[in-house]
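A.B. asks: Supplied in structure tokens, the structure appears directly below.
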Amino acid sequence: MSTAAPIAAPPYKLVRHDEAEAGLLEVSMGPHHPSTHGVFRMDVKLDGETVVRLKPVFGYLHRNHEKLAEGMSYLSSMPFTDRLDYFNSMANNWAYALAAEKLVDVPVPERAQYLRVIMAELTRLVNHTSLVGFFLNDLGALGTPLLYAFRERERILDLFEQASGARMMCNYFRFGGLRCDVPAGWLDRTRALVGGFPKFLDEFEKLLCENEIILARTQHVGVLSGAQAINAGITGPMLRASGVNYDLRKVDAYGIYDRFSFRVPLGAAGDCYDRFMIRMLEMRESLKILEQALRDIPEGPVMGNAPRVFKPAAAEVYGRVESPKGELGFYLIADGTTKPYRYRVRPPSLINLTVLEDLCVGHSIADAVVILGSIDIVLGEVDR
Amino acid sequence: MSNLTLEHYLILSAVLLGIGLLGVFTRRNVIVVLFSIEILFNAANLNFIAFWRFGDQPEALMGPIFALFAIAVAAAEVAVGLALVIAVYRHFKTVDLEKLDTLKEE
Amino acid sequence: MKLLGSGIFKGMAVTLENFVRSYFDRDRKHHLFTKEYAWKSDAPADQLPARADTTVTTRSRNFPMLLHDGKGSEDPMASIRCVACQICERECPPQCIFIEKEYDANGKFVKRPVIFDIDISVCMSCQICVEVCPFDAIVMNSEFELSNNDRFNGLLVRRDALLKSNDYYHRIHPEEAQERDDRMAREKAEKEAKQAAADAAKKKAAELAAEKAAELAAAKPKVDPAAPTATPQ
Amino acid sequence: MIEQVAFYILSAVAVLGALLAVSRRNLVHGVFALLLFFAALSGLFVMLLADYVAAVQVLVYIGAVGILLLFTIMLTEHVTGDDLRRLGVRGWFWGLLLAVAVPAVLILPAVLNEKSAKAAPIVVAQGNPALANNATQANTVKALGKVLMEKYVVPLEVLALLLTAALIGAVAVAHAPEKDASGKDTPA
Amino acid sequence: MIDTLIHILALTAPVAMIFASLFAFTTWLERKILARIQNRIGPNYINIPFTKFRKTFGLLQPAADGFKMLVKEDIVPHGADRFLHLLAPILALVPAMMVLCLLPFDLPFANESMKRIHAAALDNAVLLFFGITSINTLAVFMAGWASRNKYSLLGGMRAVAQMVSYEIPLVLSAAVVIMAVGSLSAQKIVAAQSTHWFIFTPWGLAAFFIFFIASLAETNRSPFDLPEAESEIIAGYFTEYSGFKFALFFLGEYLSIFAINGLAVTLFFGGGNGPWVQAHPWLSCVWFLAKIFGLIFIIIWLRGTVPRLRVDQLMAFAWKFLMPLSILNLFVAAVALKVQQPWLTWPLCALVLYAAAHGLSRLQQKNVGPRTYQYAE
């Protein structure tokens, strides 16, 4: 059951029909299943309702993202990064821009830096609110928390549309800055939103955090120890819920994150409730960052002197950001042409998903759904 | 209430008894044997009620009381019987009466 | 430790509050955020202010369109900005643009597309074509009602359907259009200035050359006329 | 008239249900047939003016015993409920003979001595009019409760004890040993 | 014989028709209330056929849904048990209709002597009610088993386990009222509450809470909607049902909600009793329905608020919380009925029940509770 077991296992599988297996019920959850967050399949073996084995099967949404990107110019893959994790296109944009900016030394103007932080943190709010909603949906709350979350998400998406022209597929970041400045009055509207957001969080906490059913359903379910999380390469809120203090905004301090004061909430138990609460608490910290960024943002250009044709010299870079789901990295090898020689994404969703079986075995099938929900995957990013 | 007599019920009850016996004697599955025993119980209950209904002391309510007790005992019997079936199945991996010929698996 | 169920009652208070307040949320901003569909019959497509129900803003993008500078009922092809350079076709991430150049009777390229198709089922509204276009010929439309009944021809939007006037562009995206027009005017002015400067330089150079030639001709009659005409780019 | 029609329908359903229950290979079908039999019997109880017993019959047999049987089938046989074994045992002939003989012996006197049946002291062919009046007017439930709590209170308590013992016994017998459960969780 | 049949039909058909038409209204109501709870608008545009008029507040939605259900293809999975697959929705609907007739629902027309008419005024109505509703369990199992689908089977098994477990607290809490009245007849229970509803007694209140929670589980409503838990087992036992069979299930489910809430109204809210009923007997059915809809609003409200429990928690809740509490409530009620001193029984009963509920809830929530979190700078 431990993470070391697959290494020792032989490359082939012995089919055994022993008596312990005979009474098991094999259920294929997905790819068309209401709770798999997209086209994802869990081959579950059940003893009664207890999960004995679970095999995640994915790839139904594979779009050849990496190979496609190697066949087109650097800029052209920017809109495709939106579609990786379609809840946080801004964070994906940033990670890719960060990697590309390492290839060609382009200074990012001050205002663009601030706007990037604002966009990334708004994205985090979007992601975490909707995650909590979907998580509760998996728990069986008939969409009410989800729709409250979407109510707030709509407001943020309105802001995104006003700034970038699109609600979800923003395609807003460029190498060396942003595609365009935010429209007049946008910052004030954002300030109003940020000012009103804690009220919504209070409402949400009142609705969810003390609900006995949620407590009973999520506490001590799907416990992930810190050591196991580190071994499996888990990042993001899921890692922090297991008590490991690792936040790229603090570790790398990319962009201008070193200018803001914020805290990193840490869980202790590493169960589903911690994963859910860490996200609730992170939203409050994001609001702090947003307040500071909106207070300090200067006037000025938003685009540096990027070359019109992006043609970096041969190099190898890795750019990463703390996307709401974890460490999102882009690894690029440039060979001196306008196209990358190698383009590789480190998707947090996929790597966080690797511990799914370890978390689920021994719990009931209802818990498996909840655990999957608490991992927070987006199939666009898992399958790419 | 014209011409339904006690015989009607008694014959029906006898037929049901026969069916129950048939199940008990000829089926090999423990669960079906339990079904049959339930049929036997019910045939008896029908008799209790019928005799009470056509008897000369309906105020004493002997029939319903007896039937109620029989139902309660039958329920207990089914619960214990089925628990035994499960225990047997867990041990021998079968509920076939013919294969359950040892007290303890070798 | 509280009584079992107190957390649920708290949650029920929240939902009841939302239930009641949704009936008093006249401006549909706080407790009734649903935007109802802006029915097509209610307002013409290009009258954005009339469609206030939508979230369409002056930056919204949905599908590209080709710009022309014609007014009213002029032939749009006369003033189409696109020169069929095919940069957008090359750069389009999902490869949904197809362009064919127009040639006149003599087989000379007339700098216009004869075919300009965009496959609406492939386009992902990313705006890369707009950004790479050096001629400001393709911009994004914010029209959202693009569904139709024809699976094959209906999903392939042809050149004539893509052509929209600059006035329309000004109506749907005023700031962006103004900015673009200003920049074009500026660039044009710069270009003209440059051209003028270049012309002047050329003239000057020609004069100088002529002078030199005259001087040289006095000394040496043979001359290479191409050499001194190099102009600054 | 209506009573007779009802009686024949109900007894046909009961016999059919019982026959299906003992003869179907598919155990789940068998249970449903058995439940049909229980329901028909409950209808017969109503006809005999024992409505309380009829309600108890529905509640206990259909609501509880049927469910228990279904659960057992799900737990022991394959979930399809198919009983793939040979239907009979070696002594099926003797079993059949016995099953026919016993009711025949029971029925025979009634058929043979049809004329003398009316003379039998217990059998009252026309039903008891006193009961018919009583049952429709007075509250049999109340009377039944009174009798149960006064005359039969000791048997009732014994019955309660029996049910408790059966409950505990069933749980004790059916409860899986801990070893099994933990052994299943860690295969290899 | 024909007369008898007509008589039976004349008494039962109105009940079935009234509740079946209320079913359509209730689906609309549920969607509207849920939508408003979730800050949505809910169904509001249904075209009246052949016209351009579409702002009907969605009231035609049930009709449109029903029509859609009727014309939909009826799909029976390959390998399913066709007969039982067909029988299950019927078996789900019929008991629900039957128990509706047992309710002391005064038909809205009075006979010559201005007496209230009931479809079936039986001596042991409450007992029969529980008996017949237990058939519903079988329908659910039948549907789950006959579909030959693993999700259906899981849903069916869940439903059976759940309904059987929750029947015990349901019956035990109803037994309190039966004990107080001394009759199983619904009419007598209502008559006993003509002045004082049982909900206004401490044991009645506690019994109502238990009854209400157990009735949620009996009818598979949130938070006990595990048999049809969408996020886990798709639609549970009716995963493989479509078209009209699905509609029958749906109808049966709502009718059993009416039935069980009707019983709750009968047992605790005085049935059709209410102001002005003495003067206008026809008001009694209005009161009855109004009380049912009050309870249905609470059910919908709950559905819009809470997530669902897990199977083991569900079982534990029934056996370790509701059942001891309902047994204790039985004792409390017995004492209270014997003492007959409201000033003494009220605080005493309330205290005992509260303490019991508190203690049991402590048992339920071991190592579970809100947490505090640390922050890293």
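The values are calculated or read from the model by the stated rules, or taken from the named source; none is laboratory data. Source: prediction; values computed, not measured. Quick reminder, even Gly has a Cβ in these numbers, built from the backbone with ideal geometry, and neighbours come from all protein chains shown.
A.B. asks: Among the residues that make up the range E:182-198, is at least one of them crowded, with 22+ Cβ neighbours inside 10 Å, of a type outside the set (Val, Ile, Thr), more than 25 Å from E:Ala355 (Cβ to Cβ) and in contact with a strand residue (DSSP E or B) (Cβ under 9 Å, 6 or more places away or on another chain)?
C.D. replies: no
A.B. asks: Here's another thing I want to ask about it. Among (1) within 14 Å of chain E (Cβ to nearest Cβ); (2) without any contact (Cβ under 8 Å) to a residue 24 or more places away in the chain, where does A:Ser76 come up short?
C.D. replies: The single condition A:Ser76 does not satisfy is (1).
A.B. asks: Modelled with pLDDT under 75 and more than 7 Å from every other protein chain (Cβ to nearest Cβ): which single residue out of D:Leu108, D:Leu112 fits that description? So that I can check it myself, show each step before the final result.
C.D. replies: Values: D:Leu108 fails: modelled with pLDDT under 75.
The conditions single out D:Leu112.
A.B. asks: Could you tell me which residue of the range E:221-273 is surrounded by the most Cβ atoms within 10 Å (Cβ to Cβ), considering only residues that are of a type in the set (Phe, Trp, Tyr) and farther than 30 Å from E:Thr201 by Cα? Lay out the reasoning, then the answer.
C.D. replies: Our first condition is that a residue be of a type in the set (Phe, Trp, Tyr); within the range E:221-273, this holds for E:224, E:237-238, E:241, E:244, E:246, E:249-250, E:254, E:258, E:268-269.
Right, trim to farther than 30 Å from E:Thr201 by Cα and you get E:237-238, E:241, E:244, E:246, E:249-250.
Details: E:Tyr237: 33, E:Phe238: 27, E:Tyr241: 24, E:Phe244: 16, E:Phe246: 18, E:Phe249: 23, E:Phe250: 20.
Within the range E:221-273, the match that is surrounded by the most Cβ atoms within 10 Å (Cβ to Cβ) is E:Tyr237.
A.B. asks: When the range A:60-78 is examined, which residues are found to be closer than 28 Å to A:Trp186 by Cα and either under 17 Å from the mean Cα position of the chain (by Cα) or aliphatic (A, V, I, L, M) (or both)?
C.D. replies: A:Leu75, A:Met78
A.B. asks: Evaluate the range D:10-28: report whether one residue or more is within 9 Å of chain E (Cβ to nearest Cβ) and in a helix (DSSP H, G or I).
C.D. replies: Among the residues of the range D:10-28, at least one is within 9 Å of chain E (Cβ to nearest Cβ) and in a helix (DSSP H, G or I), which makes the answer yes.
A.B. asks: Please give the number of the condition E:Arg36 fails out of (1) surrounded by 17 or more Cβ atoms within 10 Å (Cβ to Cβ); (2) under 28 Å from E:Pro95 (Cα atoms); (3) of a type outside the set (Val, Ile, Thr).
C.D. replies: For E:Arg36, the exception is condition (2).
A.B. asks: Return the residue satisfying two criteria in turn: it lies in the range E:187-210 and is more than 12 Å from E:Leu267 (Cα to Cα) and among the aliphatic types (A, V, I, L, M), and of such residues it is modelled with the highest pLDDT.
C.D. replies: E:Ile210
A.B. asks: Within the range A:222-253, which residues are modelled with pLDDT of 85 or more, part of a loop (DSSP other than H, G, I, E, B) and surrounded by fewer than 22 Cβ atoms within 10 Å (Cβ to Cβ)?
C.D. replies: Within the range A:222-253, A:Val223, A:Ser225, A:Gly233, A:Gly243, A:Val244, A:Asn245, A:Tyr246 qualify.
A.B. asks: Exactly one of (1) farther than 30 Å from A:Ile333 by Cβ; (2) crowded, with 21+ Cβ neighbours inside 10 Å; (3) of a type in the set (S, T, N, Q) is unmet by A:Gln162. Its number?
C.D. replies: (2)
A.B. asks: While we're on this one: Count, please, the residues in the range E:19-75 that happen to be modelled with pLDDT of 85 or more and among the basic types (Lys, Arg).
C.D. replies: Total satisfying the criteria: 5.
A.B. asks: Quick test of your reading of the structure: E:Met142 fulfils all but one of (1) closer than 16 Å to E:Ile260 by Cα; (2) buried (at least 24 other Cβ atoms within 10 Å of the Cβ); (3) not basic (Lys, Arg). Name the failing condition by number.
C.D. replies: (1)
A.B. asks: Would you check if A:Ala91 is in a helix (DSSP H, G or I) and out of contact with any Asp or Glu (no Cβ under 9 Å at 6 or more places or on another chain)?
C.D. replies: no
A.B. asks: Something else now. Any chance the range C:63-77 includes a residue that's in the same structural domain as C:Pro113 (by TED's automatic domain parsing), among the hydroxyl-bearing types (Ser, Thr, Tyr), farther than 30 Å from A:His65 by Cβ and in contact with a strand residue (DSSP E or B) (Cβ under 9 Å, 6 or more places away or on another chain)?
C.D. replies: So far as the range C:63-77 goes, no, none of its residues is in the same structural domain as C:Pro113 (by TED's automatic domain parsing), among the hydroxyl-bearing types (Ser, Thr, Tyr), farther than 30 Å from A:His65 by Cβ and in contact with a strand residue (DSSP E or B) (Cβ under 9 Å, 6 or more places away or on another chain).
A.B. asks: Then there's this: Tell me whether the range A:205-223 contains one or more residues that are in contact with a strand residue (DSSP E or B) (Cβ under 6 Å, 6 or more places away or on another chain), among the β-branched types (Val, Ile, Thr) and either farther than 30 Å from A:Ala163 by Cβ or touching a residue at least 24 places away in the same chain (Cβ under 8 Å) (or both).
C.D. replies: No; the residues of the range A:205-223 include none that is in contact with a strand residue (DSSP E or B) (Cβ under 6 Å, 6 or more places away or on another chain), among the β-branched types (Val, Ile, Thr) and either farther than 30 Å from A:Ala163 by Cβ or touching a residue at least 24 places away in the same chain (Cβ under 8 Å) (or both).
A.B. asks: Checking B:Glu59 against (1) touching a residue at least 40 places away in the same chain (Cβ under 8 Å); (2) of a type in the set (Asp, Glu); (3) under 23 Å from D:Asp51 (Cα atoms), which single condition isn't satisfied?
C.D. replies: Of everything listed in (1) touching a residue at least 40 places away in the same chain (Cβ under 8 Å); (2) of a type in the set (Asp, Glu); (3) under 23 Å from D:Asp51 (Cα atoms), B:Glu59 misses just condition (1).
A.B. asks: Go through the residues of the range A:165-176 one by one and say whether even a single one is more than 22 Å from A:Lys288 (Cβ to Cβ) and not in a loop (DSSP other than H, G, I, E, B).
C.D. replies: Yes, some residue in the range A:165-176 is more than 22 Å from A:Lys288 (Cβ to Cβ) and not in a loop (DSSP other than H, G, I, E, B).
A.B. asks: On to the next question. Check B:Thr26 against each of (1) at the interface with chain D (Cβ under 7 Å from one of its Cβ atoms); (2) surrounded by fewer than 21 Cβ atoms within 10 Å (Cβ to Cβ) and name the one condition it does not meet.
C.D. replies: Condition (2) is where B:Thr26 drops out.
A.B. asks: Filtering the range C:152-186 down to residues that are loosely packed, with under 13 Cβ neighbours inside 10 Å and of a type in the set (D, E, K, R), which residue is nearest to C:Cys123 (Cα to Cα)?
C.D. replies: C:Arg158
A.B. asks: Only one of E:Ala20, E:Ala24 is under 25 Å from E:Val286 (Cβ atoms), surrounded by fewer than 17 Cβ atoms within 10 Å (Cβ to Cβ) and in contact with a helix residue (DSSP H, G or I) (Cβ under 8 Å, 6 or more places away or on another chain); which?
C.D. replies: When all the criteria are applied, what remains is E:Ala20.
A.B. asks: I'm trying to understand the selection: among the residues of the range B:38-70, which are surrounded by fewer than 24 Cβ atoms within 10 Å (Cβ to Cβ), under 20 Å from the mean Cα position of the chain (by Cα) and farther than 18 Å from B:Leu10 by Cβ?
C.D. replies: B:Ile65, B:Phe69
A.B. asks: Since B:Phe35 meets every condition but one in (1) under 10 Å from the mean Cα position of the chain (by Cα); (2) touching a residue at least 24 places away in the same chain (Cβ under 8 Å), which condition does it not meet?
C.D. replies: Unmet condition: (2).
A.B. asks: Only one of these is part of a helix (DSSP H, G or I), closer than 30 Å to A:Tyr148 by Cβ and out of contact with any strand residue (DSSP E or B) (no Cβ under 8 Å at 6 or more places or on another chain): E:Ala92, E:Ala24, E:Ala16. Name it.
C.D. replies: Only one candidate passes the filter, namely E:Ala24.
A.B. asks: In this structure, is A:Asp296 charged (D, E, K, R), in contact (Cβ under 8 Å) with a residue 40 or more places away in the chain and farther than 27 Å from A:Glu152 by Cα?
C.D. replies: no
A.B. asks: For the range E:345-367: of the residues being more than 10 Å from chain C (Cβ to nearest Cβ) and within 14 Å of A:Leu215 (Cα to Cα), which is modelled with the lowest pLDDT?
C.D. replies: If we take residues in the range E:345-367 being more than 10 Å from chain C (Cβ to nearest Cβ) and within 14 Å of A:Leu215 (Cα to Cα), then E:Lys366 is modelled with the lowest pLDDT.
A.B. asks: Additional query: For the range A:225-264, which residues satisfy the criterion of being more than 30 Å from A:Ala100 (Cβ to Cβ) and more than 17 Å from the chain's Cα centre (by Cα)?
C.D. replies: If the condition is that a residue be more than 30 Å from A:Ala100 (Cβ to Cβ) and more than 17 Å from the chain's Cα centre (by Cα), then A:Ser225, A:Gly226, A:Ala227, A:Gln228, A:Asn231, A:Gly243, A:Arg263 are the ones that fit.
A.B. asks: Quick one: A:Leu122 ticks every box in (1) away from chain E (no Cβ under 14 Å); (2) at pLDDT 85 or above; (3) farther than 19 Å from A:Ala95 by Cβ except a single one, so which number is it?
C.D. replies: (3)
A.B. asks: Additional query: Do we have A:Arg284 as in contact with an Asp or Glu (Cβ under 8 Å, 6 or more places away or on another chain), within 12 Å of chain E (Cβ to nearest Cβ) and in a helix (DSSP H, G or I) here?
C.D. replies: So A:Arg284 fails the test.
A.B. asks: I'm checking my understanding of the structure. Among residues of the range A:305-333 that are small (Gly, Ala, Ser) and within 15 Å of A:Tyr74 (Cβ to Cβ), which one is modelled with the lowest pLDDT?
C.D. replies: Filtering first and then ranking leaves A:Ala306.
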